[in-house]
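Peer 1: This structure is in structure tokens; I'll ask about it shortly.
The values are calculated or read from the model by the stated rules, or taken from the named source; none is laboratory data. Since we're looking at a predicted model, the values are computed, not measured. Virtual Cβ from ideal backbone geometry, glycine too; neighbours counted across all protein chains shown. The area values use the complete protein model at the heavy-atom level, side chains included, leaving out ligands, DNA and RNA. Shrake-Rupley method; radii C 1.70, N 1.55, O 1.52, S 1.80 Å.
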Amino acid sequence: ALHVDSGATNFWMYLMTGKKLWRFWDREQLFNLYHKPFTAHFRFRSFDIDLSRNPLLADAPMYEVVQEPGDLVFVPANSPHAVHNLDDITALSMNYVDSTNLWLYLADLVKDDSWEEIEMFDVDTAPFGLVKSQKDLSFGEFKSQRVTWERRNAEYRAGERFAKSE
């Protein structure tokens, strides 16, 4: 089904086996795509397009690609896309937030009334660009990192702010 990824996250997928058919539309074409407001979904079948039922689609350019083993597909935040597995597949993928979609992510939290997460957000710990101390990591090293310190640090600072305001 055609959708945008939750949380206004960026997304990538590296395909190891099999083939996938991807369809993409420009995120500025939401009106022509019969978007269901305040949801991540749309009102037409992305792999069975009927212009007689959905005439606005004629004004929304579609891009199509077949992903094969060794290909990496990147989907920017809020970009409408659909995928169909042409074979059984094995893939590695990740949704993430970085400096390119941070404000979209925060707006999505507001839309979802996720006030506790918004209160815990600290712009001082948000990732903006590359860090001087950044180094190349193997996948195993990346997966083994301890990254909870920033959230704990943000929770601690938020606790300090609440304690001062009481």
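Peer 1: Condition first: under 15 Å from the mean Cα position of the chain (by Cα), at pLDDT 85 or above, within 19 Å of W12 (Cα to Cα) and open to solvent by less than 40 Å² (accessible area, probe 1.4 Å). Can you find one or more residues in segment 56-69 that meet it? Spell out how you get there, then give the answer.
Peer 2: Residues of segment 56-69 that are under 15 Å from the mean Cα position of the chain (by Cα), as a first pass: none.
Scanning segment 56-69 turns up no residue that is under 15 Å from the mean Cα position of the chain (by Cα), at pLDDT 85 or above, within 19 Å of W12 (Cα to Cα) and open to solvent by less than 40 Å² (accessible area, probe 1.4 Å).
Peer 1: Within segment 10-45, count every residue that is of a type in the set (A, V, I, L, M, F, W, C), touching a Pro at 6+ places or on another chain (Cβ under 9 Å) and in a strand (DSSP E or B).
Peer 2: 6
Peer 1: Moving on. Suppose we filter L2, L15 for residues that are of a type outside the set (V, I, T), open to solvent by less than 30 Å² (accessible area, probe 1.4 Å) and closer than 13 Å to A82 by Cα; which single one remains?
Peer 2: L2
Peer 1: Let me ask something else. Just one of R23, R27, R43 is at pLDDT below 95 and surrounded by 14 or more Cβ atoms within 10 Å (Cβ to Cβ); which is it?
Peer 2: On the way: R23 fails: at pLDDT below 95; R43 fails: surrounded by 14 or more Cβ atoms within 10 Å (Cβ to Cβ).
Exactly one residue qualifies, and that residue is R27.
Peer 1: Only one of D87, D98, D48 is modelled with pLDDT of 95 or more, assigned to a loop (DSSP other than H, G, I, E, B) and not hydroxyl-bearing (S, T, Y); which?
Peer 2: Result: D87 is the single residue among D87, D98, D48 that is modelled with pLDDT of 95 or more, assigned to a loop (DSSP other than H, G, I, E, B) and not hydroxyl-bearing (S, T, Y).
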